[in-house]
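Enquirer: Shown below is the structure under consideration.
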Amino acid sequence: NDYVLDTEWDYEASPQRREYTWTVKDQVHNPDGIYRQMILINNQYPGPLIEVNEGDTIVVHVDNQATNATALHWHGIYQNGTPHMDGTVGITQCAIAPGRKFTYEFTVSGQSGTYWWHGHQGAQASDGLYGPLIIHARDEKKLQQIPYATDRVVMVSDHYHDLSSALLWQYLMPDMENAEPVPNSGLINGRAIRNCDDFPDRRCDNTTANVGQPVFSLAPDENHRLRIINVGAFAEFQVQLDEHELAVTEVDGTDVVPVSYHRININPAQRYSVVINTTVESADSFWLRARMVTSCFTDPPETLQPDALAVVRYSSDADITPTSKDWSEQLEVECRDMDTTELAPVEVIPAPATADAFFYFRVTVEIGDYRLSRGMFDGSSWRPNARSPTLLRTIDGLTEGNTTFSPATTSSGAFINDVAFHRDHELVLQTTGIQTIDILVSNFDDGNHPLHLHGYKYFVLAQGHGYPPMINPLDGTNRENIQPLYNQLDLSNPLRRDTASVEAFGWILIRLVADNPGAWAMHCHISWHTEAGLLMQLLTRTDKLE
């Protein structure tokens, strides 16, 4: 599957049910030549493309024929009215057991753009459970301010030669001190090529049809849209097409006024659409480069190949070994989001002028009991209750009149519920009614954390390094003391997205209109960090869950 979208797509088609039947199986596969155990859908890697219109209903019948339980999350989808279809084990559903079936059914409304789906049991996305999900807007051609002739998905990913379950055992064992597993290769649309001689102890064949650098044929003298998705577990990538500027036109499903860059930095789970113009006359084939930011790796193996390559050619007979020129600017050496302050949404939506509630959370990775390294929000390290997911537990409790789910001890419509939930391993921010919430996260870890919120897009109000501006640094971080930060905010049309990073020893301020009934994970999308417990939950509009 080359993930080229249909140029004859009917954006005006009446809403319809788009139905898929997927079988999950354990497979042995060699994306870069090295054979390894993987978990695939319909024997396809990467997984199937879902392409729909806004207003369509997606129905996915999942038959789990793999060895282990699984679940699928629809990344970035609001699931308004269907929170039980979010696919988050321990929060919205129990896992799909081996030999069992489950049907996901939900309608996509109020959103369009580039999304993706992936496994949300353990780190199974790293084993092959992922694919793109594209939602076309009725007025897509208007929202995309640069017209284009073709439209395709480009997935960049780190790649490991071992199952995530084996790597997790190593990562989470005592005395590892947050030494994340480092990938072996990078992939573009599930493909790369390695020299088998470098891996004498592994079964390897780099001559099979699925191995090699992808080749994208883009006709000259036209505009082409590339929907770039980082589907990896750990690595941040810098993506460029030699000698071509990348006009960014979409961020995480939000259409933006085009701004051109030579390179874009993309963290795990983020999406950027770029439009390129194929008018360069110096050659007719060019390298598309996706480079890992390797300075964030603790102990990279000698066999690490950090650069993934694809070929973009203007004609079918063009050279597939380009001699194109790299950009002269220095490569990024810090793991953090690219500067998006220039990117303004096409659809102007001001952030609410004020917030009803303010919450401050500290992100840390700490050594706790038994010398175990765990990710924490305010000292809380998530442990899923696989048999009693948060959403089902909450609905049952509210239905039965259990007052711990609506405690009378608080008069606020937004509060930390440490009565119904054990805060040590379930940090739950609960709301009733429609609340506007500000969340400030400070990162006291030396790693970058791309924070993804299920069920929502949030306004990214500000990001920075160190501490946010304060009246008095000695008075600590609270709403009153960071008023200088609020004084400089531009609320007229901030970027809206579902995954933004808090850099090492940095901070991020987001604003959220909590109006979607359900239980929603907010977690670091570095898979290893989520599995180490770096996840909290927003339990919103509980007045609508009974």
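Enquirer: Just checking, does region 365-387 include any residue being open to solvent by 80 Å² or more (accessible area, probe 1.4 Å), within 30 Å of V259 (Cα to Cα) and over 30 Å from the mean Cα position of the chain (by Cα)?
Expert: Checked region 365-387: no residue is open to solvent by 80 Å² or more (accessible area, probe 1.4 Å), within 30 Å of V259 (Cα to Cα) and over 30 Å from the mean Cα position of the chain (by Cα).
Enquirer: Continuing with the same structure: Would a scan of region 484-502 turn up a residue that is open to solvent by 30 Å² or more (accessible area, probe 1.4 Å), in contact with a Gly (Cβ under 7 Å, 6 or more places away or on another chain) and closer than 20 Å to S442 by Cβ?
Expert: no
Enquirer: Identify the residue in region 317-352 that is hydrophobic (A, V, I, L, M, F, W, C) and out of contact with any Lys or Arg (no Cβ under 9 Å at 6 or more places or on another chain) and, among all such residues, is surrounded by the most Cβ atoms within 10 Å (Cβ to Cβ).
Expert: Applying the filter and picking the extreme gives C335.
Enquirer: Tell me the strands (runs of 3 or more DSSP E) entirely within region 264-316 that contain at least 3 residues that are open to solvent by less than 10 Å² (accessible area, probe 1.4 Å). Please lay out each step first, then the result.
Expert: Values: elements: 264-266, 271-277, 285-292, 307-313.
Result: 271-277, 285-292, 307-313.
Enquirer: Suppose we filter G113, G90 for residues that are assigned by the TED database to the domain that holds L226 and farther than 29 Å from L241 by Cβ; which single one remains? Full working, then the answer.
Expert: Values: G113 fails: farther than 29 Å from L241 by Cβ.
Going through G113, G90 in turn, just one is assigned by the TED database to the domain that holds L226 and farther than 29 Å from L241 by Cβ: G90.
Enquirer: How many residues, within region 108-156, are touching a His at 6+ places or on another chain (Cβ under 7 Å) and open to solvent by 20 Å² or more (accessible area, probe 1.4 Å)?
Expert: So the answer is 4.
Enquirer: Which of the residues spanning region 70-87 are under 14 Å from R541 (Cα atoms) and open to solvent by less than 10 Å² (accessible area, probe 1.4 Å)?
Expert: Answer for region 70-87, where residues must be under 14 Å from R541 (Cα atoms) and open to solvent by less than 10 Å² (accessible area, probe 1.4 Å): just Q79.
Enquirer: G533: open to solvent by less than 10 Å² (accessible area, probe 1.4 Å), within 19 Å of the chain's Cα centre (by Cα) and at positive phi, yes or no?
Expert: Working: open to solvent by less than 10 Å² (accessible area, probe 1.4 Å): yes; within 19 Å of the chain's Cα centre (by Cα): yes; at positive phi: yes.
Spelling it out, G533 is indeed open to solvent by less than 10 Å² (accessible area, probe 1.4 Å), within 19 Å of the chain's Cα centre (by Cα) and at positive phi.
Enquirer: Which one of T23, T7 is surrounded by fewer than 14 Cβ atoms within 10 Å (Cβ to Cβ) and in contact with an Asp or Glu (Cβ under 8 Å, 6 or more places away or on another chain)? It would help to see each step written out before you state the result.
Expert: Details: T23 fails: surrounded by fewer than 14 Cβ atoms within 10 Å (Cβ to Cβ).
Testing whether each residue is surrounded by fewer than 14 Cβ atoms within 10 Å (Cβ to Cβ) and in contact with an Asp or Glu (Cβ under 8 Å, 6 or more places away or on another chain) leaves just T7.
Enquirer: Could you grab me the full set of residues in region 413-443 that are outside any strand (DSSP E or B) and more than 27 Å from N385 (Cα to Cα)?
Expert: Within region 413-443, the first condition is being outside any strand (DSSP E or B), and the residues that meet it are 413, 417-427, 432-434.
Scanning region 413-443 gives a single hit, I434.
Enquirer: I'd like the residue in region 387-408 that is among the charged types (D, E, K, R) and either free of Cβ contacts under 8 Å to residues at least 60 places away in the same chain or not assigned by the TED database to the domain that holds A521 (or both) and, out of all such residues, is farthest from W520 (Cα to Cα).
Expert: Going residue by residue through region 387-408, those that are among the charged types (D, E, K, R) are 387, 393, 396, 400.
Narrowing the set further to residues that are either free of Cβ contacts under 8 Å to residues at least 60 places away in the same chain or not assigned by the TED database to the domain that holds A521 (or both) leaves 393, 396, 400.
Working: R393: 14, D396: 17, E400: 22 Å.
The qualifying residue farthest from W520 (Cα to Cα) is E400.
Enquirer: Being touching a residue at least 12 places away in the same chain (Cβ under 8 Å), outside any loop (DSSP other than H, G, I, E, B) and surrounded by fewer than 24 Cβ atoms within 10 Å (Cβ to Cβ): is that true of T477 here?
Expert: Details: touching a residue at least 12 places away in the same chain (Cβ under 8 Å): yes; outside any loop (DSSP other than H, G, I, E, B): no; surrounded by fewer than 24 Cβ atoms within 10 Å (Cβ to Cβ): yes.
No, not satisfied.
Enquirer: Sticking with this structure for a sec: Looking at (1) touching a helix residue (DSSP H, G or I) at 6+ places or on another chain (Cβ under 9 Å); (2) in a strand (DSSP E or B); (3) of a type in the set (K, R), which is the only condition R374 fails?
Expert: So the condition that R374 fails would be (1).
Enquirer: Another one. Out of curiosity, is R17 open to solvent by less than 40 Å² (accessible area, probe 1.4 Å), assigned by the TED database to the domain that holds K141 and modelled with pLDDT of 95 or more? Write out each step before concluding.
Expert: Details: open to solvent by less than 40 Å² (accessible area, probe 1.4 Å): no; assigned by the TED database to the domain that holds K141: yes; modelled with pLDDT of 95 or more: yes.
No: the conditions fail for R17.
Enquirer: Please determine whether any residue of region 182-194 is at pLDDT 95 or above, farther than 24 Å from I266 by Cα and more than 26 Å from the chain's Cα centre (by Cα). First the steps, then the outcome.
Expert: The initial filter retains those residues of region 182-194 that are at pLDDT 95 or above, namely 182-194.
Okay, now just the ones that are also farther than 24 Å from I266 by Cα, so none.
No - not one qualifying residue is present in region 182-194.
Enquirer: Would you confirm whether any residue within region 384-392 is touching a Ser or Thr at 6+ places or on another chain (Cβ under 7 Å) and closer than 19 Å to H422 by Cβ? I'd like the intermediate steps shown before the answer.
Expert: Within region 384-392, the subset touching a Ser or Thr at 6+ places or on another chain (Cβ under 7 Å) is 389, 391.
If we keep only those that are closer than 19 Å to H422 by Cβ as well, we get 389, 391.
Scanning region 384-392, I find at least one residue that is touching a Ser or Thr at 6+ places or on another chain (Cβ under 7 Å) and closer than 19 Å to H422 by Cβ, so the answer is yes.
The values are calculated or read from the model by the stated rules, or taken from the named source; none is laboratory data. Remember, predicted model here, so these are calculated numbers, not experimental data. Cβ: placed from backbone, ideal geometry, glycine included. Neighbour counts: every protein chain shown. Each accessible area value is taken on the protein alone, full model and side chains, heavy atoms only, with ligands, DNA and RNA left out. Shrake-Rupley method; radii C 1.70, N 1.55, O 1.52, S 1.80 Å.
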